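All remarks here apply to the structure that follows.
The values are calculated or read from the model by the stated rules, or taken from the named source; none is laboratory data. Not measured: the values here are computed from a predicted model. As a convention, Cβ positions derive from the backbone with ideal geometry for all residues, glycine included, and neighbour counts pool all protein chains shown.
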Amino acid sequence: MLMKREAGMTEFAGDFEALFDGAMTRYAFERPSIARWWESHCSEPNVNIALQELVQPGDTCFDVGSFIGGLAIIMARLTGPRGKVVLFEGNQHILSQLTWNMIRSHLTNTFIVNKIIWEESDLNMYLSHNSIAPAASRVCSDEASDPHAIRVGRSLALDDFVAEHSMLPDVVKMDIEGSEYYALRGFKKTISEKKPVLILEQNVGDDRCLELLSDMDYKIFDSAGLHAVRSSNDYLEGTTIRNVIAIHASALGRYNLHNPVQKRKICSLDPLKAEVEVDSQGVVYSTFRMKLSRGRYLFVLSLDAKDCVVASEIWVNGTIQTKFYETAKLFSQDCRDMMALVHKDCEVVYKVLQVQKSSENGYMKINSVDIISIDAPLNFKSRSTLV
């Protein structure tokens, strides 16, 4: 069941843009595949930072819904040669790219499991494949739920995997497009025994995971603002997807998460004072520069945009720390708040980009950018590359 990388498996090399049927932009995929382990990898910003805070050397990590492995590489770096990362990915359309990315990163502590994670093992599973955004493809155990779904294999319950391979996870990242609740139901025995830290993507309005974990004495926090989450009412208004961190009550002291997080808006950036430029590819950059003292900050963007791809970047002391890109609609809903860690007083640069128009009517207008200081309960940690 475990498929370990082999150095000679070069047949898995492929053209990433071709895999996505040419639907993504030049900016989004400026390399043929994701950053290797020794390079900066700063997408999925809030989850990225959470992993850096929570994964420890020697940990066993599960990456459930690995996509092409960007966050798995981060976990592999952090857990080091004494740890291991198991990548669960059931989508055959992206499996070859995931495998190739592990190969080219020369990691020795990653393993791929090509199974669809569900509440029971050995069920026939069906995939509603999204050719425009393969990461958003959804699975189900009932063929009738989508007449166009195709059978893609058998399911696997995480409790069964743990029992068979004796791998008890310390940290679990789970992003499986709305199937997290079913995966957790098949993981309850391990959760009860090991009490791993969980980082989950959640659909706003579906509180089943929150209720299940609360019943198991987990405390849940928003990955961006680090405030407590009890229901969808606690998410940023207007969002449809959020990532949360779930930590068992018995482990809260390890992360200093006893007290409520204190937040304070320190300023609002004036869109009229942004430095605006257009590059040779037609990408429009709106750049804000500021001096910030050591601390943790949340950048909250409000914008109007249509028929384009929007991206945002945060540069700290001359180095890019986080970036994210998405279509205008999804960005304005779900990618508006990005966390930044400032380790010393320095210049911070915040950029908002209009990357590509999909029609002549495409546009982007920045309304405001609020900078919020977070009195963060998670301590800064100094880490070195371990693999």
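Search segment 197-227 for residues being acidic (D, E) and over 21 Å from the mean Cα position of the chain (by Cα), and hand back the single one that is nearest to V244 (Cα to Cα).
So the residue we want is E211.
Assuming N243 fulfils every condition listed in (1) in contact with a helix residue (DSSP H, G or I) (Cβ under 7 Å, 6 or more places away or on another chain); (2) not in a strand (DSSP E or B) apart from one, which condition is it?
Every condition holds for N243 apart from (2).
Can you tell me which residue is surrounded by the fewest Cβ atoms within 10 Å (Cβ to Cβ) among those in segment 214-247 that are in contact (Cβ under 8 Å) with a residue 40 or more places away in the chain and of a type in the set (S, T, Y)?
Going through the qualifying residues, I end up with T240.
Kindly indicate whether any position in segment 226-240 is assigned to a strand (DSSP E or B) and either within 18 Å of V55 (Cα to Cα) or hydroxyl-bearing (S, T, Y) (or both).
no
Output the residue which, of all residues in segment 248-265 that are touching an Asp or Glu at 6+ places or on another chain (Cβ under 9 Å) and surrounded by 12 or more Cβ atoms within 10 Å (Cβ to Cβ), is nearest to L213 (Cα to Cα).
Top of the filtered list is H248.
The rows are residues; the columns are (1) buried (at least 19 other Cβ atoms within 10 Å of the Cβ); (2) in a loop (DSSP other than H, G, I, E, B).
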position: S280; (1), (2): no, yes
position: Y285; (1), (2): no, no
position: K291; (1), (2): no, no
position: Y297; (1), (2): yes, no
position: V310; (1), (2): yes, no
position: I314; (1), (2): yes, no
position: I320; (1), (2): no, no
position: F324; (1), (2): yes, no
position: L330; (1), (2): no, no
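Considering every residue within segment 249-262, establish whether at least one is assigned by TED's automatic domain parsing to the domain that holds P45 and under 23 Å from S179 (Cα atoms).
Within segment 249-262, none of the residues are assigned by TED's automatic domain parsing to the domain that holds P45 and under 23 Å from S179 (Cα atoms).
Can you tell me how many residues within segment 183-196 are under 19 Å from the mean Cα position of the chain (by Cα) and either assigned to a helix (DSSP H, G or I) or over 24 Å from R254 (Cβ atoms) (or both)?
2
I'm trying to understand the selection: among the residues of segment 153-178, which are more than 15 Å from A246 (Cα to Cα) and in contact with a Cys (Cβ under 8 Å, 6 or more places away or on another chain)?
Result: no residue meets the conditions.
Against the condition under 24 Å from I371 (Cα atoms) and surrounded by fewer than 19 Cβ atoms within 10 Å (Cβ to Cβ), how does E211 come out, does it pass?
Answer is no for this residue.
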